[in-house]
Amino acid sequence: MSNVEKDPTELRCAASDHGRPLPQVDVLSARDVPLGGPRAMTVRRTLPQRARTLIGAWCFIDHYGPDDIADTGGMDVAPHPHTGLQTVSWLFNGEIEHRDSLGSHAFVRPGELNLMTGGHGISHSEVSTTRTTILHGVQLWVALPEEHRHTARDFQHYVPSPARTDGADIRVFLGSLAGDTSPVRTFTPLLGAELILEPRSTTTLTIDPEFEHGLLVDHGDVRMAGTLLHAAELGYLGTGNDTLTLTNETDTAARTVLLGGTPFEEQIVMWWNFIGRSHEDIVEAREAWQNASDRFGKVDGYDGDRLPAPALPNATIAPRKNPTRH
Ligand code: MN
């Protein structure tokens, strides 16, 4: 008997120390995306991409820096709208001034969660402050489930205390990990945590087997369940695992962000800063923004014009769902 596939896929059969096969980890690479503006700070985007749209309800991962803002000009994102999603700003270094149409005026600082709920509609601006020299962090989006995607706009701030586990310092900003639980409410089961792994250390974490997980490596070489990840890569681990072993293969501390959640089964339509369920949802949101409707409100205190929406594509925007795993 022979495999008659024309293009057989390689099967990995690595075994752990205990003889159990290691779970498969997919390695997702980042692509560089300029944020726009005169000097165009660039971000590394690992979600969404062709191979994967979502990890739990996490649907967008932008990773940036460390950038000397004398070179990049820093961040200056004029007022723009969001619908159907939450934004999570998490910094490693620097400071960002946030203003939104709820009237929030906040400073995003390292180790502090700033969670903005777009719900039916919100608008905000994000500008790195003059106190900032090095800007370094992530911007993450969470898709809202159907029953909550038109919820009221909201803004929350939370500072997790660092938790210690064998070989790692952990800051849990959403969900539960290593005995620590964030009090911030989510609309679907989620995990979000920063993990700093000691040099040459191995950490085994208890995880929820109903969750899928993504590990973004900020710096260091980190083995995730046996698969080596380099800086800026995102490792994906599917559901059905109750532990996750991470090994820092470098001689200095490694920084990672661990995201997780139960698989988000709804098809979504993502375009610009909007998440809907259909092309019509997107057309409606874009029109509301272009017409300065109350749906997205007004941002006070930003020095400059709001961002105009780009032109819609000629074709109908197709819904996205994760590709079926083989
Ligand atoms: Mn935004």
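Here are the numbers for this structure:
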read-out	value
Accessible surface, per residue, of the chain when the full set of protein chains is kept, probe 1.4 Å, Å²	47 Å²
Compactness index (Cα Rg / 2.2 N^0.38 Å), segment 148-275	1.11
Separation of the Ala40 and Phe107 label points, Cα + 7 Å toward Cβ, nm	3.2 nm
Mean Cα-pair separation over length for segment 159-284, i.e. relative contact order, pairs under 8 Å, 6 or more apart, %	25 percent
Segment 26-293 pair-distance distribution - Cα-Cα, 10 Å bins, rounded %	7, 30, 38, 20, 4, 0
Sites excluded, GluC sites (Glu not before Pro) in DSSP loops with at most 11 other C-beta within 10 Å, longest stretch of the chain	11-264
Whole-Hz ³J(HN,Hα) from phi, Karplus 6.51 cos²θ - 1.76 cosθ + 1.60, for segment 222-235, glycine and proline x	10, 8, 10, 6, x, 9, 7, 10, 9, 3, 6, 8, 10, x
Chain lengthening between Ala253 and Thr204 when straightened (0.36 nm per residue, less Cα-Cα)	16.0 nm
Net charge dipole size for the chain [Lys, Arg +1 and Asp, Glu -1 on Cβ; Debye, nearest 20]	360 debye
Segment 85-212: relative contact order in percent, alpha carbon pairs under 8 Å with at least 6 residues between	23 percent
Extension gain, Gln24 back to Glu280 (0.36 nm per residue minus Cα-Cα distance, nm)	88.4 nm
Segment 148-217: trypsin sites (Lys or Arg not before Pro) in DSSP coil with no more than 11 other Cβ atoms inside 10 Å	Arg185
In Hz, Karplus ³J(HN,Hα) per residue of segment 91-100 (6.51, -1.76, 1.60; θ = phi - 60°; x = Gly, Pro)	9, 9, 7, x, 8, 10, 8, 10, 10, 9
Computed over the chain: relative contact order in percent, which uses C-alpha pairs under 8 Å that are six or more apart	19 percent
Cα gyration tensor, segment 93-186 - rounded (a/c under 1.5), prolate or oblate	oblate
Acute angle (nearest 10 degrees) that the helix 279-290 long axis makes with the longest principal axis of the chain, alpha-carbon atoms	40 degrees
HN-Hα J in Hz across segment 187-201 - Karplus 6.51, -1.76, 1.60, θ = phi - 60°, x for Gly and Pro	8, 9, x, 9, 10, x, 8, 9, 10, 10, 9, 4, x, 6, 10
Ranked packing of 291-299, 173-181, most packed first, by mean Cβ within 10 Å	173-181, 291-299
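The values are calculated or read from the model by the stated rules, or taken from the named source; none is laboratory data. All values reported here derive from a predicted model rather than from experimental measurement. Cβ: placed from backbone, ideal geometry, glycine included. Neighbour counts: every protein chain shown. Heads up: the accessible areas ignore ligands, DNA and RNA and are worked out on the full protein's heavy atoms, side chains in. Shrake-Rupley method; radii C 1.70, N 1.55, O 1.52, S 1.80 Å.
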